[in-house]
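Participant: Quick one: this structure, given as C-alpha cells, is what I'll be asking you about.
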Amino acid sequence: MKLFRYSKYMLGLGLLLATTACEDNFLDVNTNPNNSTVSTAKLTLPSAMRATATEVGEDLNILGNLWVGNWAQASDYLWYVSEEQYNLTANSYNDTWTNLYAGSLRDLQYVEKQAKESGNKNYVAIAKILQAYNYQLLADLWGDVPVKSALQGTDEISPAYDSAEEVYKTVITLLDEGIASLDVAAAKPGAEDIIFKGNMAQWKKFANTLKLRVYMRQSIAKPSVAEAGIKAMAGAEFLAAGEEVAVNPGFNNSSGKTNPLVANIGYNTTGSVTSGNRATRANEFAIEFLKTTSDPRVERLYTRVSATAAHNAGQLKGIRNGVSPGDDNKSSVVSGVGKAIIKPFAEAGYAQPIYLMTSSESLFLQAEAVQRGYLIGDAKALYEAGVKASFTLLGATGADAYLEQDMNLVGWEASANKVEAIITQKWIALNGINGIEAWNEFRRTGYPAGNPLSLTAVTPKFPVRIPYVQTELASNATNVPKLANIFDQRIFWDVD
C-alpha cells in the first residue's frame with residue numbers, strides 16, 4: 001500500500017506548471033512556494049534533494065525490494081496486493097512522477113538558473129549532476145520521458161517525449177557539464193547541501209560514478225557505447241569505500257519530519273510499529289540465499305521471529321510473494337525488515353539518512369567494468385572491497401571469513417561467472433537500501449538468478465517497466481507513448 005504523502009508540488013497542466021519550492025529549515029512544508037521573495041537557490045537546493053531522496057528511499061525502494069525477492073507481503077495483510085500481482089495502474093506511481101518532475105527537477109532548474117545569474121559555478125554543477133540522476137531514474141522506470149521540452153511552464157504545456165536512449169545521452173551531457181562546472185576555489189554551499197555539505201571533491205566522484213552507472217547500464221544492449229564511454233573515463237576518481245551519497249535534511253522525531261521509510265514500514269513518533277511494518281516481511285528467496293551462503297548480513301537485513309511465536313519461533317523465516325493465507329505465513333511468524341534498514345527507535349532510526357548511491361555500488365560498478373575490460377584495475381580486489389563496504393554499512397562483521405568461502409557467488413575464485421557474482425553481491429548490498437536499483441540491475445542482467453515469480457502474478461512474467469501516469473494521460477495524451485502493457489515493451493538497455 002502506497003501511503004499518502006503530503007506534496008507541496010502541484011502539476012497544474014501536466015508536469016509543466018509547477019512552482020518552485022523552498023525550505024528554510026530543510027524540512028518545513030509550510031513555507032509558501034509561490035512567494036518569490038523567499039525563494040533562493042540556497043533555500044531551494046535541499047528541497048530538490050529531499051524530493052528525490054523521498055522517492056528513491058521510500059516508494060521506489062519498497063517496489064524494487066518486492067520485485068527482486070527481498071520483501072514480501074504477510075498473508076494476513078492487504079498492503080502490496082497490486083505490486084505482488086504486477087497489476088500496476090496509471091495511478092500507482094503518479095505521485096512519484098509528480099515529485100520527480102514538479103518537485104525535484106523543477107527546483108533544480110530554478111537552482112541552476114539562479115546560480116548562473118549569480119555566477120556560482122558549484123551550484124550549477126550540483127544542479128546538473130542531480131538533474132542527471134533524476135532523468136536516468138525516470139528513463140529507467142518509464143522509458144521515453146520528456147526532457148528537452150519539459151518544465152517550460154505555460155510556454156509548453158504538452159511536452160514531447162524523448163526516447164530513453166536520447167535521455168541517456170542527455171544525462172551524460174549533464175554530467176559532463178556538471179563536472180566541468182565544479183570549481184574547488186569558488187564559493188561552495190554549506191549546510192544547505194544536505195548530501196556532501198559543500199565537499200566538491202565528493203560531488204565530482206559522485207558524478208563520475210553516476211556516469212559509470214549510466215554506461216554500465218548499456219553494457220549488454222550497447223557494449224560498444226559502454227566500452228568507449230568508460231575507457232574515455234580512464235583516471236577518473238569514483239566513490240571509494242565508506243563514501244556514501246546520503247541525504248539527510250534533518251530527519252527527526254516530529255510528525256512529518258521522520259525518515260519516510262521508517263514512518264511507512266517502521267514506527268510512528270511514539271515508537272509504536274506501523275501496519276506497514278507488520279505487512280512487510282522477509283522474502284523466502286533472499287533469506288534462504290543468505291542462510292545457505294552463511295552470510296552474516298542476514299541478521300542485519302532481517303529480524304528473527306519472536307521466541308514466543310506460535311510457529312517458526314526464533315527462526316529467520318521468509319515467505320513467497322503472493323503466498324496464500326495460512327498460520328505459517330502470517331506477520332507474527334515471519335521475519336521482518338532488519339535493524340540495519342529500519343534502525344530501532346531507541347537508536348534514533350527516525351533520523352537515519354536515505355542513500356541515493358552507496359560506496360558498495362560504486363565498487364561493484366568498477367569491478368564489473370574491469371571484468372568486462374572497460375577499466376584497468378583488479379576486479380577481485382574491487383569485488384571484495386564492495387562486499388566489505390556492504391558489511392560496514394549494514395553493521396555486520398565477518399566479511400573476511402565470508403569471502404574466504406569456497407562457494408559460488410561468494411568467493412571470487414570459486415565463482416565461475418564473475419559478472420554474476422558481482423551483480424548478485426550488488427543485489428545483497430542494495431537490499432532494503434535502494435531496491436529500485438536492484439530491480440534495474442535484475443532487468444539488465446537477469447541476476448540474481450532464480451528470483452521466483454509472485455504466486456499471484458496476473459501475467460506469468462516480471463514487469464519490465466512502470467505504466468505511464470494518469471496525470472500525463474489526462475493532460476498530454478497526444479505525446480504519451482502508447483503502451484500495451486508493462487511486460488513486453490522493454491527499456492532500450494534491457495535485452496535479457
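Participant: Step through the residues of segment 326-333 one at a time and calculate ³J(HN,Hα) from phi using the Karplus curve (6.51 cos²θ - 1.76 cosθ + 1.60, θ = phi - 60°), rounding each to whole Hz and writing x for Gly and Pro.
Facilitator: x, 5, 8, 9, 6, 3, 6, 10
Participant: Give me, ordered by chain and number, the residues 5 or more places off Tyr267 or on other chains with an amide H under 5 Å from its own placed amide H.
Facilitator: Thr274
Participant: Divide, for segment 71-143, the radius of gyration over alpha carbons by 2.2 N^0.38 Å, where N is the residue count.
Facilitator: That works out to 1.57 for segment 71-143.
Participant: Can I ask one more? Where Rh is the Kirkwood radius over the Cα pairs of segment 138-222, the temperature 20 °C and the viscosity 1.002 mPa s, what D in µm²/s does Stokes-Einstein return?
Facilitator: Stokes-Einstein gives a translational diffusion coefficient of 144 µm²/s.
Participant: Per residue Cα convex hull volume for segment 265-324, in cubic angstrom?
Facilitator: 107
Participant: Calculate one ³J(HN,Hα) per residue across segment 198-212 by plugging θ = phi - 60° into the Karplus curve 6.51 cos²θ - 1.76 cosθ + 1.60, and present them in order as whole Hz with x for glycine and proline.
Facilitator: Along segment 198-212, the couplings run x, 7, 6, 5, 5, 4, 5, 5, 4, 4, 4, 5, 5, 4, 4 Hz.
Participant: Hey, any idea what the orientation-averaged projected area of the convex hull of segment 392-472's Cα atoms comes to, in nm²? Please report the intermediate quantities before stating the final value.
Facilitator: Details: hull surface 31.2 nm².
Taking a quarter of the hull surface, the average projection is 7.8 nm².
Participant: Segment 315-387: D in µm²/s via Stokes-Einstein (Kirkwood Rh, Cα pairs, 25 °C, 0.890 mPa s)?
Facilitator: Taking Rh from Cα pairs, D becomes 155 µm²/s.
Participant: From the phi angles alone, apply the Karplus equation (6.51, -1.76, 1.60; θ = phi - 60°) to segment 164-170 and give each ³J(HN,Hα) in whole Hz, x where the residue is Gly or Pro.
Facilitator: Listing the rounded values in order: 4, 5, 5, 4, 4, 5, 5 Hz.
Participant: Average the reciprocal distances over every distinct pair of alpha-carbons in segment 173-221, invert the result, and give the Kirkwood radius in Å.
Facilitator: Answer for segment 173-221: a Kirkwood hydrodynamic radius of 11.9 Å.
Participant: Just how many % of Cα pairs in the chain lie over 45 Å apart, if you round to the nearest whole percent? Spell out each step's value before the answer.
Facilitator: Values: 8942 of 122760 pairs.
For the chain, the fraction of Cα-Cα distances above 45 Å is 7 percent.
Participant: If you don't mind, there's one more thing I want to ask. 5 Å is the cut-off here: which amide hydrogens, built 1.01 Å from N in the peptide plane, fall below it relative to Asn283, excluding neighbours closer than 5 in sequence?
Facilitator: Close amide H contacts, sequence-distant or interchain: Trp71, Ala72, Ile319.
Participant: Using only the Cα atoms of segment 271-360, what semi-axes does the equivalent ellipsoid have when each is the square root of 5 times a gyration tensor eigenvalue? Give whole Å, largest first.
Facilitator: Ellipsoid half-lengths, sorted descending, are 22, 17, 13 Å.
Participant: A further question follows. Between segment 191-244 and segment 297-316, what's the alpha-carbon centroid distance in Å?
Facilitator: The distance from the Cα centre of segment 191-244 to that of segment 297-316 comes to 38 Å.
Participant: Cβ neighbours within 10 Å, averaged per peptide: list 113-119, 53-59, 391-397 in order, most packed at the top.
Facilitator: Answer by packing, highest mean first, reads 53-59, 391-397, 113-119.
Participant: Helix-only estimate, please: 222 nm mean residue ellipticity of the chain, summing -39500 (n - 2.57) across DSSP H runs of length 4 or more and dividing by its residues, to the nearest 500.
Facilitator: Helix-only estimate at 222 nm: -12500 deg cm²/dmol.
Participant: Given the peptides 334-340, 457-463, 241-247, arrange them by the average over their residues of other C-beta atoms within 10 Å, most packed first.
Facilitator: 334-340, 241-247, 457-463
Participant: Then there is this: Using the Cα atoms of segment 250-289, I'd like the radius of gyration and the largest Cα-Cα distance, Dmax, both in angstrom.
Facilitator: Rg and Dmax of segment 250-289, Cα atoms, are 12.6, 38 Å.
Participant: In nm, give the distance between the simple-model label positions of Asp378 and Val81, each being 7 Å from the Cα along the Cα-to-Cβ direction.
Facilitator: Going from the Asp378 label point to the Val81 one covers 5.5 nm.
Participant: Ser324: net charge of surrounding residues, Cβ under 15 Å, Lys/Arg +1, Asp/Glu -1, itself excluded?
Facilitator: Result for the neighbourhood of Ser324: -2.
Participant: How long are the semi-axes of the equivalent ellipsoid of segment 166-315, defined as square roots of 5 times the Cα gyration tensor eigenvalues? Whole Å, largest first.
Facilitator: 39, 25, 14
Participant: Here's a follow-up. Based on the inverse mean of 1/r over its pairs of different Cα atoms, what is the Kirkwood hydrodynamic radius of segment 358-496, in Å? Mind showing how you got there, number by number?
Facilitator: Numbers: mean 1/r = 0.0589 Å⁻¹.
That comes to 17.0 Å for segment 358-496.
Participant: Quick one: which residues, 5 or more positions from Tyr355 or on another chain, have an amide H under 5 Å from its amide H? H modelled 1.01 Å from N in the peptide plane, none for Pro or chain starts.
Facilitator: Correct list: Val247.
A short reminder: the numbers here are calculations on the coordinates, not readings from a lab. Bear in mind that the values here come from a model prediction, so they are computed numbers and not experimental data. Because the Cβ atoms are built from the backbone with ideal geometry, glycine has one as well, and the counts that use them run over all protein chains shown.
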